[in-house]
2 protein chains.
Amino acid sequence: MNFCSACGSPLSVRVPAGDSLPRHMCDVCGAIHYRNPRLVVGSLPVWQDSVLLCRRAIEPRHGKWTLPAGFMENGESVAEAAIRETLEEACARIELLEMYSVVSVPYINQVHVIYRAQLLDLNFSAGVETLELRLFAEHEIPWNEIAFRSISIALRHYFKDRQTSQFGLHTESLALPSGPL
Amino acid sequence: MNFCSACGSPLSVRVPAGDSLPRHMCDVCGAIHYRNPRLVVGSLPVWQDSVLLCRRAIEPRHGKWTLPAGFMENGESVAEAAIRETLEEACARIELLEMYSVVSVPYINQVHVIYRAQLLDLNFSAGVETLELRLFAEHEIPWNEIAFRSISIALRHYFKDRQTSQFGLHTESLALPSGPL
């Protein structure tokens, strides 16, 4: 961030009066440009004993498997974002169940939210950001080929909780890993 | 948003290739400037049978009562944001309990997250954005003077759930109101 998006002047970085953190500030028009974490929202769509995964057609983690999820947009609720992303990435219609996992990823300024969901039919197909889709039973999950840690976390909780049918919310914060994000 | 924050050139608004929504795009350097919902995170701090509320020293809703909460910052987890905001607004130390309410407010592009919390001591005091602090028993809550609907929602759920000591997650999405936000 180099220029003021309001007036186009060069920005400086300093702590505004009454604030405690440095911000990008415009000395010409007075605008303060905050940067805040973004929400990545999706679903864990289930059909019978299997979970629908998407193989990513885009970077990061091209070719790896993930749950349908993406950046929440302005003007929608968290639940609407989960339904929309599932439709966009997997062309899949779901009944959204409860908010199931909320994973903070502070080193990339993101919060990943996954809902449990019931697939309404098997008429899913790969969206433009997806190479292929497949239903995986627990023993078939490609654990070493999962794109993101927050997705592995949601899947592991799901298969564990399914044994008792107790699906409470799981919250967690990830530390910077030595391996893949 | 009028100018590219990367190169300072004027922006145009159109749908990028492969996207479905109009974005602020720079025709000079190619940057796409997304805008996404922001997280407002806080706590519902309890001492015995009372809840700690803050009377706002800032707009919006100056003079109204709220729970300690504010915008989540880059580089922190949701839980860390709740603890930090409680310390900043109420100078209060808490033990954070579970994530308790998640309220989408799509018409202002926000998601409000409140954790249940236990006050660790009574050495709280008003932060710079707070006029005064007070512990309220249920019958003392100034329901008509609560600053935001998401805060009323969290408080109402809390007093209801407290009757059974069952504190599950509450999720909700608010429609544009005719009255106060």
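The values are calculated or read from the model by the stated rules, or taken from the named source; none is laboratory data. No experiment lies behind these values; they were computed from the predicted model shown. Reconstructed Cβ throughout: ideal geometry from the backbone, glycine too, with neighbour counts over all protein chains shown. Calculation scope for accessible area: heavy atoms of the full protein, side chains included, ligands and nucleic acids excluded. Shrake-Rupley method; radii C 1.70, N 1.55, O 1.52, S 1.80 Å.
Tabulated data for the structure shown
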{"item": "Within region A:1-104, strands (runs of 3 or more DSSP E) holding 3 or more residues that are more than 10 Å from chain B (Cβ to nearest Cβ), under 27 Å from the mean Cα position of the chain (by Cα) and under 30 Å from B:ALA79 (Cα atoms)", "result": "A:38-47, A:50-56"}
{"item": "Scope region A:105-116; condition part of a helix (DSSP H, G or I) and either open to solvent by less than 40 Å² (accessible area, probe 1.4 Å) or of a type in the set (S, T, N, Q) (or both); matching residues", "result": "A:PRO106"}
{"item": "Residue tally, condition under 23 Å from A:GLN110 (Cβ atoms), of a type in the set (D, E, K, R) and touching a helix residue (DSSP H, G or I) at 6+ places or on another chain (Cβ under 7 Å), over region A:138-173", "result": "1"}
{"item": "Residue check, A:ALA154 small (Gly, Ala, Ser), more than 19 Å from A:ARG56 (Cβ to Cβ) and either within 12 Å of chain B (Cβ to nearest Cβ) or open to solvent by less than 50 Å² (accessible area, probe 1.4 Å) (or both)", "result": "no"}
{"item": "Residue list for region A:153-176, filter: more than 25 Å from B:LEU96 (Cα to Cα) and either at pLDDT below 95 or in a loop (DSSP other than H, G, I, E, B) (or both)", "result": "A:GLN163, A:THR164, A:SER165"}
{"item": "Any hit, region A:117-125, residues being closer than 20 Å to B:SER20 by Cβ and buried (at least 16 other Cβ atoms within 10 Å of the Cβ)", "result": "yes"}
{"item": "Any hit, region A:83-97, residues being touching a Pro at 6+ places or on another chain (Cβ under 6 Å), modelled with pLDDT of 95 or more and open to solvent by 30 Å² or more (accessible area, probe 1.4 Å)", "result": "no"}
{"item": "Qualifying residue in region A:19-41 (condition: in contact with a Phe, Trp or Tyr (Cβ under 7 Å, 6 or more places away or on another chain), among the polar types (S, T, N, Q) and over 21 Å from A:HIS139 (Cα atoms))", "result": "yes"}
